[in-house]
Amino acid sequence: MASMRDIKRRRSSIQSTGQITKAMKLVSTVKLQKARVRAEQNAPYADGMYRTIQSILERTSTLRHPYLQGKESKRKAVIVISSNRGLAGGYHSNVVKLITRGALAGEDLELYTVGRKGKEALQRAGYQIYLDSSDIIEEPGYADAAALAREALTSFAQGRVGEIWLAYTFFKNTVVHEPRLIRLLPVEKEEGADKKELPMNFDAEEESVLETLIPTYITSLVYSGLLESSASENGARMQAMDSATSNAEEMIEDLTLLYNRARQSSITQELTEIIAGAQAID
């Protein structure tokens, strides 16, 4: 059995760790609420952009455009969104697995990383990073998403890549965070779309409309991915810190019980020695 001093030292260490994890949980809870509000506020705009593009594609089924047909290059650009901080359970590894074990595994990829954890994991897996924009995940803004989308679209326009993909984590609720890998370009028409919900007609040239709207549409998807990933990161960290705090409390209870047993054993031994000494004197 460990000594009382060792048990007490270990219990004190775990108590300090538990205080840290509890504080981190509270911080993540506050950040999660803010991130959820931003994601919910952006959802109507992103949904409106999606339905607008689907409306155009429904009315231009025979139109041929690079944004719809793609490029000859087999190389694919992938925007990978993770975070800069750890202690978030499987949040980062799940996104990385979309690249290393998902539909794009073994493909020639041009990676645009947002978040140092994802970047480092992909580098360890042997992938080359084309562009790193990790700083924008701290406080993602629409201008940041536009700049990132513009870089990928430039690569697409120059023919370096034939497709653009987005890997991020979709926030369903506090407990469920779903890693997703979606293709941004070429844009595809959704089969079975309800024509009653198609929101618009247009009079301008079809090509000019697509040339203007699709980059904005891609930016809106990237921005949504940043906001959803930010909410998912804080939700995952809140869960991880809650579990760590609960585990610390259980360990403290076990160590307290062990300490009390050791203390009782020490007291019993001292009493035995006193009684034995008194009997020897008699």
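Only residues that are touching a residue at least 24 places away in the same chain (Cβ under 8 Å) and either outside any helix (DSSP H, G or I) or charged (D, E, K, R) (or both) were counted across segment 213-253, and they come to 5.
Filtering 203, 194, 254, 282 for residues that are farther than 30 Å from residue 140 by Cα, modelled with pLDDT under 90 and either β-branched (Val, Ile, Thr) or under 39 Å from the mean Cα position of the chain (by Cα) (or both) leaves a single hit, 194. For segment 105-148, which residues satisfy the criterion of being touching a strand residue (DSSP E or B) at 6+ places or on another chain (Cβ under 8 Å) and aliphatic (A, V, I, L, M)? Within segment 105-148, 109, 111, 114, 122, 129, 131, 136, 137, 148 qualify. Selection within segment 1-42: residues that are closer than 30 Å to residue 214 by Cβ and surrounded by 13 or more Cβ atoms within 10 Å (Cβ to Cβ). The member of this set that is farthest from the chain's Cα centre (by Cα) is 42.
Taking residues in segment 128-141 that are more than 11 Å from residue 80 (Cα to Cα), and partners anywhere that are assigned to a loop (DSSP other than H, G, I, E, B), the pairs with Cβ atoms closer than 6 Å and at least 6 places apart or on different chains are 137/83; 137/115.
When segment 81-136 is filtered for residues that are among the basic types (Lys, Arg) and surrounded by fewer than 20 Cβ atoms within 10 Å (Cβ to Cβ), the ones remaining, listed by number, are 85, 97, 101, 116, 124. Listed by first and then second residue, the pairs linking a residue in segment 23-35 that is closer than 22 Å to residue 224 by Cβ and in contact (Cβ under 8 Å) with a residue 60 or more places away in the chain to a residue that is part of a helix (DSSP H, G or I) and aliphatic (A, V, I, L, M), with Cβ atoms under 6 Å apart and 6 or more places separating them unless they lie on different chains, are 28/238; 32/238; 35/231. Answer yes or no as to whether residue 35 is of a type outside the set (S, T, N, Q), in contact with a helix residue (DSSP H, G or I) (Cβ under 8 Å, 6 or more places away or on another chain) and assigned to a helix (DSSP H, G or I). So residue 35 passes the test.
The values are calculated or read from the model by the stated rules, or taken from the named source; none is laboratory data. Every value quoted in this text rests on a predicted model; they were computed, and no experiment measured them. A quick note on method: Cβ atoms are made from the backbone with ideal geometry, for glycine too, and the neighbour counts reach across all protein chains shown.
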